[in-house]
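Participant: Before we start, here is the structure in question, set down as C-alpha cells.
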Amino acid sequence: MSDWRIYRGAGLPHDGVRRLPDPPPWRDFTLPSGDETSGPGAEDGEGGDAARRLGVRRALVENLHPRPEEVEAVNAALYLRRPLLVTGNPGTGKSTLAHAVAYELGLGRVLRWPIVSRTTLQDGLYHYDAIGRLQDVQLDRAIEGERVERPPVGSYIRLGPLGTALLPAEEDGLPRVLLVDELDKSDIDLPNDLLNVLEEGEFTIRELERSADREPVTEVLTDDGRKVPVTGGRVRCTTFPFIVLTSNGERDFPAALLRRCIQLELKPPGEKQLAAMVTAHLGEEALAEGEEFVERFLQREPGQVIATDQLLNALFLTQRAPGAERVTRNRLAEMLLRPLDRPR
C-alpha cells in the first residue's frame, strides 16, 4: 500500500509533489470565475466562484434545503428591495446564501466586497487613479510636447462592487447580487456611512461631476471589467440590487442600519442540509464513506463552533489518503474538526 504523504520530513529532496492529487472542488481555481464574460448576466452558475461555493455537483442536488425562515427572509428582501443582514457562526453558509440566490434566479456573477478594518465606503463605490493619470500626461508631454490632450478622466475610474451593483439595470431589468462579506470587521464608521447609499440607491463620482459640462457622458470601468457610460457623474440604480450583508456577530450595528435591513440569523446546518452540502461538493459516495465524521459533526457539544468547511476538509482528506492507517485518519479528522472556540 502506497504512502499517502507527499512531504515526509526526511530532509531529502524528491519529486513527490508531482503526484499530488487534484484539489478539493472548493479550492479548485482553474475554473473561470465569470469575470471573463461580457456583461452582468455572466452565468455565475457556470463559473468557478459558484462551483466553489455551491459545489461542482450542485446540478445533482436541487437545493441545499434551506429552512423556511431563510427562504422567507430572502423573499422579503427581494420584495421590499432591502438588504439582507445575515448573522451566524463561521461556516454556517452566510456567504453561500448570496451565491445560491444568484444561481437559482439566474442573476449572474455575484459581486463580492470583502470588508476589513481599513475598508471605507469609497472603496466599495469607486477608485480614481489620479497618480496614474498624472504620470500618463507627463509621459505624453515628454513624447509629443505641450500640445498633447489630457486623457479622459473616465479612463482612470473603476467602480467598486457596490458602485457596480448600483448601475442602472440592463434591458432585462434584473438586479445584481452583491455580497458585503463580514461587515462586523469594519471600523465604527462604515455601517453609518452605508445608510444614505442604501436608502437612496445612488452616489456621485465627484471627478466626473466637475467635468460634466464638457463631458456629459463618460465611460468608466466596472468591477466586472466592462466599460459602461455614466451621465453627469451620477450613478443611480433603476433596480435595487439584492444585497447580502454578512456578520459573525462580533459587534452590534446601529439601529439606523438594522431598520433598513431584513435580518436573518443562520443556524448551523442540520442533517438534511449537511447531507445536501456534502453531496453537492463530494458526491453521495463520500457522504456514505464519511458517515462517522458527519455524525461526529452533528453530535458536537451544544454551543461548540465547528464550521461546515472543516467537515468537508476532513471528509476529502481522510478519503483521499491512500495508505493511511485508521489511526492516522482519525488523527487527521481530529486536527481538522478542532472547535473554533476551543482555547489554545
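Participant: Tell me, which residue of the stretch 297-337 that is surrounded by fewer than 11 Cβ atoms within 10 Å (Cβ to Cβ) and closer than 25 Å to Gly88 by Cα is modelled with the lowest pLDDT?
Facilitator: Taking the candidates together, the pick is Gly303.
Participant: If you don't mind, there's one more thing I want to ask. Using the structure shown, decide if Pro339 is part of a loop (DSSP other than H, G, I, E, B) and closer than 22 Å to Glu182 by Cβ.
Facilitator: It is true that Pro339 is part of a loop (DSSP other than H, G, I, E, B) and closer than 22 Å to Glu182 by Cβ.
Participant: Residues to consider are Phe240, Phe293, Phe297, Phe316; find the one that is outside any loop (DSSP other than H, G, I, E, B) and either under 25 Å from Arg19 (Cα atoms) or touching a Gly at 6+ places or on another chain (Cβ under 6 Å) (or both).
Facilitator: Phe316
Participant: Still on this structure: Residues of the stretch 184-193 being among the charged types (D, E, K, R) and assigned to a helix (DSSP H, G or I), which ones?
Facilitator: Residues satisfying the conditions are Asp184, Lys185, Asp193.
Participant: Touching a Pro at 6+ places or on another chain (Cβ under 6 Å), crowded, with 18+ Cβ neighbours inside 10 Å and under 18 Å from Leu162 (Cα atoms): does that describe Ile243?
Facilitator: For Ile243, the condition - touching a Pro at 6+ places or on another chain (Cβ under 6 Å), crowded, with 18+ Cβ neighbours inside 10 Å and under 18 Å from Leu162 (Cα atoms) - is met.
Participant: Going through the stretch 268-284 one residue at a time, which ones are in contact with a helix residue (DSSP H, G or I) (Cβ under 7 Å, 6 or more places away or on another chain) and in a helix (DSSP H, G or I)?
Facilitator: Within the stretch 268-284, Glu271, Leu274, Ala275, Met277, Val278, Thr279, Ala280, His281, Leu282 meet the criteria.
Participant: Taking the stated definitions as given, is Glu149 at pLDDT below 95, under 23 Å from Gly201 (Cβ atoms) and assigned to a loop (DSSP other than H, G, I, E, B)?
Facilitator: For Glu149, the condition - at pLDDT below 95, under 23 Å from Gly201 (Cβ atoms) and assigned to a loop (DSSP other than H, G, I, E, B) - is not met.
Participant: Failed condition for Gln273, given (1) within 22 Å of Leu97 (Cα to Cα); (2) surrounded by fewer than 18 Cβ atoms within 10 Å (Cβ to Cβ); (3) among the polar types (S, T, N, Q), with all others met?
Facilitator: Of everything listed in (1) within 22 Å of Leu97 (Cα to Cα); (2) surrounded by fewer than 18 Cβ atoms within 10 Å (Cβ to Cβ); (3) among the polar types (S, T, N, Q), Gln273 misses just condition (2).
Participant: Being among the aliphatic types (A, V, I, L, M), touching a Leu at 6+ places or on another chain (Cβ under 7 Å) and closer than 30 Å to Asn89 by Cβ, is that true of even one residue in the stretch 220-230?
Facilitator: no
Participant: Looking at (1) more than 21 Å from the chain's Cα centre (by Cα); (2) assigned by TED's automatic domain parsing to the domain that holds Ser186; (3) not hydroxyl-bearing (Ser, Thr, Tyr), can you tell me which one Gly283 breaks?
Facilitator: Status for Gly283: all satisfied but (2).
Residue-wise test of (1) buried (at least 16 other Cβ atoms within 10 Å of the Cβ); (2) hydroxyl-bearing (Ser, Thr, Tyr); (3) in a strand (DSSP E or B); (4) not assigned by TED's automatic domain parsing to the domain that holds Leu258.
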| position | (1), (2), (3), (4) |
| --- | --- |
| Leu195 | no, no, no, no |
| Leu198 | yes, no, no, no |
| Phe203 | yes, no, yes, no |
| Arg214 | no, no, no, no |
| Val220 | yes, no, yes, no |
| Asp224 | yes, no, no, no |
| Val230 | yes, no, yes, no |
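Participant: A follow-up question, please. Given the options Arg234, Arg226, Arg176, Arg210, name the one that is touching a Gly at 6+ places or on another chain (Cβ under 8 Å) and without any contact (Cβ under 8 Å) to a residue 60 or more places away in the chain.
Facilitator: Just a single option satisfies the conditions, and that option is Arg210.
The values are calculated or read from the model by the stated rules, or taken from the named source; none is laboratory data. Since the structure is predicted, the reported quantities are computational estimates derived from the model, not experimental observations. Methodologically, a virtual Cβ is constructed for each residue, glycine included, from the backbone with ideal geometry; neighbour enumeration extends over all protein chains shown.
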